[in-house]
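*Asks:* To start, I am sharing the structure in question, which I have written as structure tokens.
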Ligand code: NAD
Ligand code: WQD
């Protein structure tokens, strides 16, 4: 059934793809975004993809009065909360900004939702909450440990939501722990578009493929992994977006919350990613093996069966499609943005 959904951070990378998936599933969507880390062209592109006008509120997720007004006036039934700061390295330098936006923003949103009587929420969490996981693939029951202020904000967010749910059973909250989102929309019109030099592997490789950056630094080749480089569970952003639709539908249908990993259950090494991107782009991708990056874990792979069982979520797209769609995006539209 169609519902009215608020997407905070809906102009960002994962939020924009989720917007498309929700509209395609028949929902009415309102985006709230400050454009702190999004391009102004995104709403028009979303309208182009979906063939529907985009309802946009420009504002800050910490603005409780604004959020309350939007929730009430728009008759919002559920919220998907993406708006956050997400750069791990930056969080080490500016930790208070991260607590302010990620924890303060969540608090303001939850207060507004209480006031408006809207108690259905999907929350963007991250595999980073597992810190250095002992068990691979990592189940949701694994212990949580922050490796940086960003990860700490996600753990605090999850804990706030857990206590809130216990305080009032009317709440139904879906906590989604994403592994490594990658790739772009099949239309080539939206994708990951970092303003600065990317900290993440896939967008960095993409910029080497376009010639914007010269050479990839592979952070360590002496890990205890098959080729010595770090292994991650990359998940196509369109699969991830579909996971949000399923999560929301489950909250709305059952009134029960859930906490699940969203990953594929399969890991790829840095060198495998570079090789796959080379096949997709047909570009030379020079790289140098450098020192390990501080704070990196050797392997991060999801145990994916809980989301499959609870939500019927299964990924459909593999690494080749992540690289091909990323390349289509950066080599055409993305580069002109
Ligand atoms: P993104 O930066 O592309 O999207 C975040 C959006 O929130 C942006 O559009 C930005 O303009 C907006 N925003 C930031 N601060 C805001 C504020 N104060 N008020 C209103 N809007 C604000 O990031 P993303 O990759 O799409 O991540 C979305 C969510 O998923 C975040 O919560 C992030 O922590 C989480 N997450 C991301 C990854 C990843 O690797 N991309 C992995 C795990 C979890
Ligand atoms: C992947 C692999 C690097 C860049 C981060 C956050 C996590 C989540 C997703 C938000 C690792 C290697 C990377 C480069 C490299 N974000 N690498 N050269 O570190 O798994 O996760 O993004 O929640 O919280 O920590 O992703 O893409 O940075 O790294 O060799 O230039 O690529 O060492 O093995 P990571 P990543």
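*Asks:* Please rank 207, 317, 278, fewest neighbouring Cβ atoms within 10 Å first, as an exposure proxy. Please report the intermediate quantities before stating the final value.
*Replies:* Values: 207 18, 317 21, 278 15.
Arranged by neighbour count, lowest to highest, 207, 317, 278 become 278, 207, 317.
*Asks:* Can you put 163, 171, 329 in order, fewest other beta carbons within 10 Å first? The partial results should precede the final answer.
*Replies:* On the way: 163 9, 171 19, 329 24.
Final ranking by Cβ density, sparse to dense: 163, 171, 329.
*Asks:* To continue, here is another question. Taking the beta-carbon count within 10 Å as an exposure proxy, list 322, 147 from fewest neighbours to most. Walk me through the numbers on the way to the answer.
*Replies:* Numbers: 322 27, 147 18.
In increasing order of surrounding Cβ atoms, one gets 147, 322.
*Asks:* A further question on this structure: How large are Rg and Dmax for region 1-82 when calculated on the C-alpha trace, in angstrom?
*Replies:* 11.6, 33
*Asks:* How are the Cα pair distances of region 1-143 distributed, in percent, across 10 Å bins from 0?
*Replies:* 11, 39, 33, 15, 2
*Asks:* Express in whole angstrom the spacing between the alpha-carbon centres of region 297-337 and region 1-63.
*Replies:* Value for the Cα centre distance between the two parts: 20 Å.
*Asks:* Specify the inter-centroid distance of region 152-212 and region 80-131, based on alpha-carbon positions, in whole Å.
*Replies:* 11
*Asks:* Now a separate question. So how do 23-32, 290-299 stack up, highest first, on mean other-Cβ count within 10 Å? Walk me through the numbers on the way to the answer.
*Replies:* On the way: 23-32: 20.1, 290-299: 13.9.
The peptides rank, most packed first, as 23-32, 290-299.
*Asks:* What is the distance, in nm, between label points placed 7 Å from the Cα along the Cα-to-Cβ direction at residue 52 and at residue 107?
*Replies:* 3.5
*Asks:* To the nearest µm²/s, what D does Stokes-Einstein give for region 183-300 at 37 °C and 0.692 mPa s, using the Kirkwood radius over alpha carbon pairs as Rh?
*Replies:* On the way: Rh = 16.2 Å.
Roughly 203 µm²/s, to the nearest whole number.
*Asks:* Sticking with this one: Averaging sequence separations of C-alpha pairs under 8 Å and six or more residues apart, then dividing by the length of region 96-189, give the relative contact order as a whole percent. Don't skip to the end; give the middle numbers.
*Replies:* Numbers: 86 pairs, mean separation 35.3, N = 94.
Normalised by residue count, the contact order of region 96-189 is 38 percent.
*Asks:* If eta is 1.306 mPa s and T is 10 °C, what Stokes-Einstein diffusion coefficient results for the chain, Kirkwood Rh from Cα pairs, in µm²/s? Don't jump to the answer; show the numbers that get you there.
*Replies:* Working: Rh = 20.1 Å.
Rounded to a whole number, D works out at 79 µm²/s.
*Asks:* Do me a favour and compute the ellipsoid semi-axes for region 244-287 from its Cα gyration tensor, root of five times each eigenvalue, largest one first, whole Å. Could the numbers behind the result be given before it?
*Replies:* On the way: eigenvalues 296, 28, 8 Å².
Values for region 244-287, descending: 38, 12, 6 Å.
*Asks:* Can you tell me the alpha carbon radius of gyration of region 143-215 divided by the globular rule-of-thumb value 2.2 N^0.38 Å?
*Replies:* On the way: Rg = 17.8 Å, N = 73, 2.2 N^0.38 = 11.2 Å.
Rg over 2.2 N^0.38 Å, computed on Cα atoms: 1.58.
*Asks:* Can you give me the relative contact order of region 256-305 as a percent, contacts being Cα pairs under 8 Å and 6 or more apart? Don't jump to the answer; show the numbers that get you there.
*Replies:* Numbers: 25 pairs, mean separation 34.6, N = 50.
It rounds to 69 percent for region 256-305.
*Asks:* Taking the Kirkwood radius as the inverse of the mean 1/r across Cα pairs, report the Rg/Rh of region 49-97.
*Replies:* So for region 49-97, dividing Rg by the Kirkwood Rh gives 1.09.
No value in this document is a laboratory result; all are computed from the given coordinates. Since the structure is predicted, the reported quantities are computational estimates derived from the model, not experimental observations. With ideal geometry, Cβ positions are generated from the backbone for all residues, glycine too; neighbour counts draw on all protein chains shown.
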